[in-house]
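Colleague: Take a look at the following structure, please.
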Amino acid sequence: MKSIKMHNQKRSAGLVAIAVYKVGLAFVLALASITLFIASYYRRSLETFSEVSYIEGKLTFVDWLIDQIFNLNPATLQIGALATGIYAVVMVTEAIGLWHQKAWAHGLVVISAGISIPFEFFELVRGASLLTFAILCINLAIFWYLLCELPVRKTARMRRRI
């Protein structure tokens with residue numbers, strides 16, 4: 001029976017933190033995707049729930065959310081659900097690749113974080129919120145950390161080849 005080689009390379013705390021963040025974000029995105037699919041198929045039930053659940057303003061957020069859903073076409077909800085689900089899969093793939101210290105994952109995260117920064121900055125300028133600011137700061141930190149670590153990883157790989 002063949003033994004499986006285990007790589008005992010030490011993972012940096014930064015890569016572990018990024019991988020955990022990506023898994024958490026993927027979980028939230030997967031929940032959002034499932035919710036959007038459910039909303040697209042059960043619009044009538046949600047409308048009934050919205051009318052029945054209004055108890056003296058306690059579920060105002062739920063009513064607002066359902067109103068927003070009703071303003072969208074079901075096909076738009078399904079496309080949004082599919083795109084969100086695909087992005088969740090990409091996030092999990094990035095996390096697994098980072099966990100196993102794969103160079104492709106490192107590059108994929110740099111690209112995905114770098115692409116999102118201008119959009120997040122635009123959202124912050126358009127309507128500042130603590131959540132938008134926090135997401136922008138997290139992505140800037142990830143982007144900067146991975147850019148700074150990239151030359152170190154390349155040098156280490158080149159030394160192993162020699």
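No value in this document is a laboratory result; all are computed from the given coordinates. What you are looking at is a predicted structure, and each value in this text was computed from that prediction instead of being measured. We place every Cβ from the backbone using ideal geometry, glycine too, and count neighbours over all the protein chains shown.
Colleague: For segment 67-88, enumerate the residues that are surrounded by 14 or more Cβ atoms within 10 Å (Cβ to Cβ) and either in contact (Cβ under 8 Å) with a residue 24 or more places away in the chain or in contact with a Lys or Arg (Cβ under 8 Å, 6 or more places away or on another chain) (or both).
Modeller: Within segment 67-88, ILE69, LEU77, GLN78, GLY80, ALA81, THR84, GLY85, TYR87, ALA88 qualify.
Colleague: Related question: What are the residues in segment 97-123 that are of a type in the set (A, V, I, L, M, F, W, C), surrounded by fewer than 16 Cβ atoms within 10 Å (Cβ to Cβ) and free of Cβ contacts under 8 Å to residues at least 24 places away in the same chain, if any?
Modeller: Listed by number, the residues that qualify are TRP104, ILE111, ILE115, PHE119, PHE121, PHE122.
Here's the yes/no breakdown for (1) within 22 Å of TYR145 (Cα to Cα); (2) outside any helix (DSSP H, G or I):
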position	(1), (2)
LEU65	no, no
GLN68	no, no
GLN78	no, no
VAL90	yes, no
LEU98	yes, no
GLN101	yes, yes
ILE117	yes, no
